[in-house]
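Please read the structure below before turning to the comments.
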There are 2 protein chains.
Amino acid sequence: MSANLPKQFLPLRGLPLLFHSIFAFREAYSDIRVVLVLPENQIDYWQTLSRQHKLPPVDQVVAGGETRFHSVKNGLSSASGDLIAVHDGARPLVTSRLIRRVFETAEKHGTAIPVLPVNESLRFLDHSGSSPIERSAIRIVQTPQVFTGELLLNAYQCIYRPEFTDDATVVEYSGVHVTLTNGESDNIKITVPTDLTLAEALLGMRKSHGK
Amino acid sequence: MSANLPKQFLPLRGLPLLFHSIFAFREAYSDIRVVLVLPENQIDYWQTLSRQHKLPPVDQVVAGGETRFHSVKNGLSSASGDLIAVHDGARPLVTSRLIRRVFETAEKHGTAIPVLPVNESLRFLDHSGSSPIERSAIRIVQTPQVFTGELLLNAYQCIYRPEFTDDATVVEYSGVHVTLTNGESDNIKITVPTDLTLAEALLGMRKSHGK
């Protein structure tokens, strides 16, 4: 991102990026327990920001690890419950509607991840150059990803592997199939500065539509 | 899209979506010949819009066909030149910088298509459910796609196949490898109404950055 501030703290509608998804989870389930995982050297700054903006406190703040896998594993040491959701704070536009849908699917099937079809042509890089991929069989994976506490805590007992790009891959490695549900196109991941512009615009549109 | 107006005519910064990419191509190469392919029943409306907005005329307007393949094939019947670019009018944010990069790559290699890496986890749907894909080897394909006139006209002599999702797949089917070059994350495809909101926001950002 352009600023020196880590992206999870960048202001979106005047509030830190991270706050938006915490708010959506509490809107979905008022009694939810929120464990926030942050790099150790950012925890003090988050506490300061929270006081400045008078944000309601999260239930626990936990220091992250070397990779996404290690960070989630650290977070899980403070997590419990019949169902546990793992969400990427860089997706601030998650709605309480999507959160509820994923939880409800996981309640039925034990696992649920939100996915979306791909609107663009895709290619696969190989030794001879590249070749087209049939995109109708491809899905983009979003978060939150929700699992029964038992499944998720058990899956994260394994040793880290580089192919663990999300929680679904960890849970599958433990031998369990994951259930797909519909994601939302608004639930974008903030990666480059233009994504923050998009997020502002999308939030503006929600407001003008009274959502 | 939400409006009844076909998306290529929707207003972006007050001008029809289609106009923005025509402008970018002319900015890249002032002597470029522009052939516009439109569904037959939209051609009159485009002419009316062009007069209303006093848009500079394109060199030729051609009626499209049943699929993207047939539309491009119809357009090619009026196209000539050492290099021919095929662009999707639903990508109004294409820059003259990107257009020049793709043309320059095609000048060297005979073919060039702009691609981008994927920032999100991907899954492949199969008979048993779904499985993760290693995203580092996947690229999203954009337009404009540029080829030597000879290669492209020859490739489009073939019979239509459903796997022809873009021009690269047609050219490859004729036995020629395509060269990849870097796309631009701004070069979005307008598919859903929120994409138009994003396009407005991105253009606003360009303006404020003096681009």
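Mean separation of Cα pairs under 8 Å and 6 or more residues apart, divided by the residue count, gives the stretch B:135-211 a relative contact order of 22 percent. Specify the residue with the greatest mean-square fluctuation among A:A201, A:A90, A:A28, computed from a Gaussian network of chain A linking alpha-carbon atoms under 10 Å apart. Maximum among the listed residues: A:A201. Just checking the listed ones, A:P132, A:P114, A:P16: in the Gaussian network model of chain A with Cα springs under 10 Å, the one fluctuating most is A:P132. Solvent-accessible area assigned to carbon and sulfur over chain A amounts to 51 percent, based on a 1.4 Å probe. Computed from the Cα positions only, the extents of the stretch A:47-106 along the three principal axes stand at 37, 27, 21 Å, in decreasing order. Buried surface between chains B and A: roughly 3500 Å² of accessible area, summed over both sides, computed with a 1.4 Å probe on protein heavy atoms only. Inter-copy label distances at A:D31, shortest first and taken from points set 7 Å along Cα to Cβ: 7.6 nm.
Heavy-atom accessible surface of the protein assembly as shown, averaged per residue, reaches 48 Å², computed with a 1.4 Å probe. Span-like helix criteria (full DSSP H runs; alpha carbon extent of at least 15 Å along the helix axis; mean Kyte-Doolittle hydropathy of at least 0.5) are satisfied in chain A by A:17-28.
Which value, to two decimals, describes the C-alpha radius of gyration of the stretch A:1-140 once divided by 2.2 N^0.38 Å?
Values: Rg = 17.9 Å, N = 140, 2.2 N^0.38 = 14.4 Å.
Taking N as the residue count of the stretch A:1-140, the ratio is 1.24.
Nearest 5 percent is fine: what portion of the DSSP beta bridges confined to chain A is antiparallel?
Values: 16 of 23 bridges.
So the antiparallel bridges amount to about 70 percent of the total.
Our analysis of the stretch A:66-211 gives Rg over Rh at 1.00, with the two radii drawn from alpha carbon positions and Rh computed by the Kirkwood formula.
Which residue fluctuates most in the GNM of chain A (Cα springs below 10 Å): A:S71, A:S50, A:S128? So, out of A:S71, A:S50, A:S128, the one fluctuating most is A:S128. Distances, shortest first, from the label point of B:E150 to those at the same position in the other copies read 6.9 nm; the point lies 7 Å along Cα to C-beta.
Using the Kirkwood radius built from alpha carbon pairs, what does the Stokes-Einstein equation give as D for the stretch B:98-171 at 4 °C and 1.567 mPa s, in µm² per second? Intermediate values should be presented prior to the final figure.
Numbers: Rh = 14.4 Å.
Answer, rounded: 90 µm²/s.
If I stretch the segment between A:R161 and A:E66 completely, what's the gain in nm (0.36 nm per residue apart, minus their alpha carbon distance), one decimal?
Numbers: separation 95, 0.36 × 95 = 34.20 nm, distance 1.25 nm.
Taking 0.36 nm per residue and subtracting the Cα distance, the gain is 33.0 nm.
Once you list every other residue whose beta carbon is under 12 Å from the beta carbon of A:A137, what net charge do they have if Lys and Arg are +1 and Asp and Glu are -1? That sum, taken over residues with Cβ under 12 Å, equals +1.
Beyond 30 Å in Cα-Cα separation lie the following of the pairs A:K7/B:K189; A:K7/A:K54; A:K54/A:K189; B:K73/B:K207; A:K207/B:K54; A:K189/B:K207: B:K73/B:K207; A:K207/B:K54.
From Cα pairs below 8 angstrom and at least 6 apart in sequence, can you work out the relative contact order of the stretch B:102-165, rounded to a whole percent? Mind dumping the intermediate values first?
Working: 70 pairs, mean separation 23.4, N = 64.
Taking the mean separation of contacting Cα pairs over the length of the stretch B:102-165, I get 37 percent.
A simple count of charges around A:G64, restricted to other residues whose Cβ falls under 12 Å of its Cβ and scoring Lys, Arg +1 and Asp, Glu -1, yields 0.
So what is the relative contact order of chain B, in percent, for Cα pairs below 8 Å that sit 6 or more residues apart?
For chain B, the relative contact order is 22 percent.
If you take the Cα centroid of the stretch B:53-70 and the Cα centroid of the stretch B:117-158, the two points sit 25 Å apart.
The values are calculated or read from the model by the stated rules, or taken from the named source; none is laboratory data. Remember, predicted model here, so these are calculated numbers, not experimental data. Note that each Cβ is placed from the backbone with ideal geometry, even for glycine, and that neighbours are counted across all protein chains shown. We work out accessible area using only protein heavy atoms, side chains counted, and drop any ligands, DNA or RNA first. Shrake-Rupley method; radii C 1.70, N 1.55, O 1.52, S 1.80 Å.
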